[in-house]
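Data block below; observations after.
Here, each number is a calculation from the coordinates, and none is a lab measurement. Remember, predicted model here, so these are calculated numbers, not experimental data. Because the Cβ atoms are built from the backbone with ideal geometry, glycine has one as well, and the counts that use them run over all protein chains shown.
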Amino acid sequence: MLRTTLILFIAVWAVFVVVPVALLAVWSFLEMKDYSFSPGLSTAAYAAVFDSGRYEVTLRTLRIAGLVTAIELGLALPFALWLAKAVRSSLLKAMVLALLTVPFFVSLASRTIVWRSVLSRSGLVNTALLHFGIIEQPIDWLLFSEFSVHLGLLAPSFPTMVLPIFLSISLIDDELIEAARDLGAPPAKVLGDVILPLALPGIIAGLIFTFVPLLGETVVPQLLGGGRVSMLGASITSLLQVLNYPVAAALSTLVLGILAALFLALRLIGGGSIAAVFEGMKR
Amino acid sequence: MPSRADKANDAPALEIIRASRHFGSVRGLDDVTVTAARGEFLTILGQSGSGKTTLLRIIAGLDHPTSVAALRIGGKDVLGLPPHKRNVTTVFQHYGLFPHMSVGQNVEYGLKLRGVGASERRSRAEAALATVRLTGKYDRRIHQLSGGERQRVALARSILTEPDVLLLDEPLGALDERLRLDMQIELVELQRRLGMTFVFITHSQEEALTMSDRVILMRGGRIAQEGTPRDLFERPCSRFAGSFMGVENIIGGTVASFADGMAGIATPAGIFHGLWTGAAAPHVGQSAALLLRAEKLRLGATASADGFEGRITARIYKGKYIDVSMDTPVGPIHARAWTDDDLASETVRIGWSAGDARCVPAEG
């Protein structure tokens, strides 16, 4: 039974995951001539990635996605801890969770465009600061800058970070927290020795669910970057629009390679403790 | 951490004076005073909702009383102190073992928090594991252990920091019966050997009787009775205490007479006498109850001073004895017959000696 399911899973996974990725990798070693693939392999696409400045776009994307993910983690951890362990009323808990999903009811573009009227030279922030005499000239780096892109990315990716962490903290038996306190652990130790290690699967899930979609994000950089903050998603889209498949494939393959390297590093650093946590969940 | 000199003083291990804990309008704990001498095995007995767990959480510092006159552990005032500043540890109901740590890491966690070095931690943890008969399990994972072994790990972890008071929150509840009986004996032996003060929370009168130096029976946030196991079993002070301590037959009535500690209780089947074990002397006419344990009843021809006729409704074979249910003028009565000979006829005379009967106030 397990064997059959496993074989079935691997087959489906191969068709829908492995084959597209493999094709992508193959494409990245092809060349285009007159809008069709020419025979023979070449590394021209990779050369194009580095020559055309798309390499810098990749690095910038990784940096922005990484920083936004780190900020999300810093915000989500205390929030999830509060929601999972400090909120006793299940009604309040349900309401807060529902509020977290509200952003999904409105399209990302509509939510993002609103930031323009807040951050622009004549927007809310500048008007208020000018009015109270805190500044004399409108601040112009608020909009169409990396700052506004970071800010615009924060709210949409908060739920994907907070929900898995909330779930994993909720699963920690209160008795374990009380046992740690009882044995003499001050609050910081309870957090570091018991809550964080046991919440690790949720934290890792939150990091992946937040970081990976950020790499492909197109709407926010386009609307709040104002053409100055070019990120990978838009870069690949524009390549596809001009039917430059090999370079688009090379760029995607490069990102996949970087992601694989990151996960490998994560495994090497935290692999043992993650495995121990999963082992510990066997009751 | 109290120094050795502190530990040598004569203060009781635990003193809670007049503690109350209100949850909204519910009185979880209502003006309760509990003290435990050093090295005592004190059992807090009660049903769920009796306040016993609230009491334990207040001692541990996991909950705080609404009002209290004094709260001292090992002679040290701990009122308002968080759990990590109290020299008390708890063996939790579901053991509270950290699943991401090995057995050894769990056991020595308290020492690690106190800044004890790794090698000393390890040797003391291994010694504690040996104390609870888990030698060589230091590197095991928690999920590899059986329920009884987990229980022992939790014990080892809690005794390692040498607390003034060890709290045990229904620690045997999750074990199967055989293991529970073994652990009862083991716990008592461990307590004697360490000379440590144990405060043991349970709902099982059997555990309370077999393990404790002293028992506090709780009901509705108050102390219903306290005394030695023998006091509670043989001299229950109220109808509730009698029924909680397993008295099978409780016959309601009113006090007809009282002299020399013996009361006469008027029941629908006549006036019967028994030792008055209520706290205050009764007055005639007060409503009261006659307590008769099933094993003290005699069935059959021999006419005794006290007794009445009953019609047998059920005989349940229990091996060592036969559980007999009867219909009587005072309602259903349960007795134990040791042979079938007494049960030949449908109606049978139920008798007992007045010395085996107890009389208590109907309530309170």
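At a glance:
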{"quantity": "Average beta carbon contacts from partner chains per residue of B:89-99, 10 Å cutoff", "calculated": "6"}
{"quantity": "Kirkwood hydrodynamic radius of the stretch B:4-234, from inverse mean 1/r over distinct Cα pairs, in Å", "calculated": "18.0 Å"}
{"quantity": "Nearest 10 degrees, 0 to 90: helix B:118-131 Cα axis against chain B principal axis", "calculated": "20 degrees"}
{"quantity": "Antiparallel %, DSSP beta bridges [both residues in the stretch B:248-361], to 5", "calculated": "95 percent"}
{"quantity": "Mean separation of Cα contacts under 8 Å, 6 or more apart, over the residue count of the stretch B:248-361: relative contact order %", "calculated": "33 percent"}
{"quantity": "More than 24 Å apart - percent of Cα-Cα pairs taken over the stretch B:248-361", "calculated": "25 percent"}
{"quantity": "Percentage relative contact order, the stretch A:56-280, counting C-alpha pairs under 8 Å, at least six apart", "calculated": "27 percent"}
{"quantity": "Computed Rg/Rh of the stretch A:49-113, alpha carbon atoms with Kirkwood Rh", "calculated": "1.19"}
{"quantity": "0 to 90° range, to nearest 10: angle between helix B:147-159 axis and chain B longest Cα axis", "calculated": "60 degrees"}
{"quantity": "Cα convex hull volume per residue for the protein assembly as shown (Å³)", "calculated": "269 Å³"}
{"quantity": "Cubic angstrom per residue, convex hull over Cα atoms of chain A", "calculated": "209 Å³"}
{"quantity": "Estimated vicinal HN-Hα couplings, Hz - the stretch A:237-246 in sequence order (Karplus 6.51, -1.76, 1.60; Gly, Pro = x)", "calculated": "4, 5, 4, 5, 5, 8, 6, 8, 5, x"}
{"quantity": "Cα-based convex hull, the stretch B:306-364, per residue volume (Å³, whole number)", "calculated": "116 Å³"}
{"quantity": "Candidate lysines for bridging to residue A:189, where Cα separation is under 30 Å - those fewer than 8 sequence places away on the same chain excluded", "calculated": "A:85, A:93, A:282, B:7, B:52, B:76, B:85, B:112, B:137"}
{"quantity": "Amide hydrogen neighbours beyond the local backbone of residue B:90, cut-off 5 Å, H modeled", "calculated": "B:167"}
{"quantity": "Share, in percent, of DSSP beta bridges within the protein assembly as shown that are antiparallel, nearest 5", "calculated": "75 percent"}
{"quantity": "Kirkwood hydrodynamic radius of the stretch A:98-221, from inverse mean 1/r over distinct Cα pairs, in Å", "calculated": "17.6 Å"}
{"quantity": "Among B:321, B:138, B:95, residue whose mean-square fluctuation peaks in a GNM of chain B (springs only between Cα atoms under 10 Å)", "calculated": "B:321"}
{"quantity": "Among B:266, B:256, B:314, residue whose mean-square fluctuation peaks in a GNM of chain B (springs only between Cα atoms under 10 Å)", "calculated": "B:314"}
{"quantity": "Relative contact order of the stretch B:4-234, pairs being alpha-carbon contacts under 8 Å that are 6 or more residues apart, as %", "calculated": "29 percent"}
{"quantity": "Of the chymotrypsin sites (Phe, Trp or Tyr not before Pro) in the stretch A:8-56, those whose Cβ has at most 15 other Cβ within 10 Å and which sit in DSSP loop", "calculated": "A:35"}
{"quantity": "Packing rank of A:75-88, B:196-209, where each peptide gets the mean count of other beta carbons within 10 Å, highest leading", "calculated": "B:196-209, A:75-88"}
